[in-house]
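This report concerns only the one structure given below.
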Amino acid sequence: MSLIKIKKPNTDPYLFLSICIFLVLISISFGSVPYLDGNIDFVKNYDFFSGGFTQLFRNWTSVHPPGKEFIVSLFFAIFGINSYSYTLIGPVFGVLGIVLLYSLILKLSDKKSAAIGAFLLAANPLFISVGIFGLTDYLLAIFVIGSFYFCLERKYILLLLFLNLSVLSKETGLLLPISLILTEIVLLKKTFSL
């Protein structure tokens, strides 16, 4: 008899299949040179990486909060400045988003619903197309899903991390903490009025 009990991981093969489908679909464009919005973001992120906020604000008059710039700078520092390191953000955060959505739905419903939700997100053409270059809306959507999941799990440190990432990704991310606070206030009033 062993003193250490090894727990069998509770993995759903449908979640794994959804992740594989997503990775196959998004890998078709892996390493491609960004075009239009992706190209603009690439150049903007390069400006931030090479010159910080000074160069970013000198070259760009309209910018979102710097969340994506921080993430891209991390990927550039680790993998170098190239289209592969830039397009790697999509698959990495996409897999995170699929796992978080699966976990969120599993918390709210059953395994079948979670598997269907994960598959629908993984095979969603819009999710894949904006994920190719990790556009800000893509990152915001993933951080919102993570925020809801960690709120339900009552993991407040991770909730705060994902709330901050959502606010740092795009201005509309500011609505998430505000709506969560208002929801908690309403629930507290309802609890104490009973």
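The values are calculated or read from the model by the stated rules, or taken from the named source; none is laboratory data. These figures come from a predicted structure and were not determined experimentally. When we count neighbours, we look across all protein chains shown, and the Cβ atoms used for this are built from the backbone with ideal geometry, even at glycine. Only protein heavy atoms, including side chains, enter the accessible area calculation; ligands, DNA and RNA are left aside. Shrake-Rupley method; radii C 1.70, N 1.55, O 1.52, S 1.80 Å.
Side notes on the structure shown:
- Extended-chain gain in nm, criterion 0.36 nm per residue less alpha-carbon gap, F53 and D137: 28.1 nm
- Annotation: extensible slack from L187 through Y14 equals 58.8 nm (criterion: 0.36 nm per residue apart, minus Cα-Cα distance).
- Applying both filters, DSSP loop and at most 14 other Cβ atoms within 10 Å, to the trypsin sites (Lys or Arg not before Pro) of the range 106-194 gives R154, K155.
- Mean accessible surface per residue for the chain, computed with a 1.4 Å probe while every protein chain stays in place, in Å²: 60
- Rough spin-label spacing in nm, given labels placed 7 Å along Cα→Cβ, for A123 and L74: 3.1
- The range 90-194: relative contact order in percent, alpha carbon pairs under 8 Å with at least 6 residues between: 24
- The range 41-118 - Debye-derived log10 I(q)/I(0), Cα point model, q = 0.19, 0.26 Å⁻¹: -0.77, -1.10
- About its Cα centre, the chain has a charge dipole of approximately 740 debye under the convention of +1 per Lys or Arg Cβ and -1 per Asp or Glu Cβ, with nothing else charged.
- Fraction of accessible area attributable to carbon and sulfur, the chain (%, probe 1.4 Å): 71
- Across the range 47-94, Cα pairs under 8 Å and at least six residues apart give a relative contact order of 28 percent.
- Hydrodynamic radius by Kirkwood, which averages 1/r over all alpha carbon pairs of the range 55-162, in angstrom: 15.0
- At full extension, Y84 and S179 could sit 30.5 nm farther apart than now, given 0.36 nm per residue minus the alpha carbon distance.
- Normalised Debye scattering of the range 105-184 at q = 0.16, 0.27 Å⁻¹ gives log10 I(q)/I(0) of -0.67, -1.20, counting only Cα atoms as equal scatterers and leaving out solvent.
- Debye equation applied to the C-alpha atoms of the chain, log10 I(q)/I(0) at 0.08, 0.10, 0.12, 0.14 Å⁻¹: -0.32, -0.49, -0.68, -0.87
- A viscosity of 1.306 mPa s and a temperature of 10 °C, combined with the Kirkwood radius over Cα pairs in Stokes-Einstein, give a translational diffusion coefficient for the range 129-175 of 150 µm²/s.
- Mean separation of Cα contacts under 8 Å, 6 or more apart, over the residue count of the chain: relative contact order %: 24
- Modelled spin labels at L152 and S62, positioned 7 Å past Cα toward Cβ, are 3.6 nm from each other.
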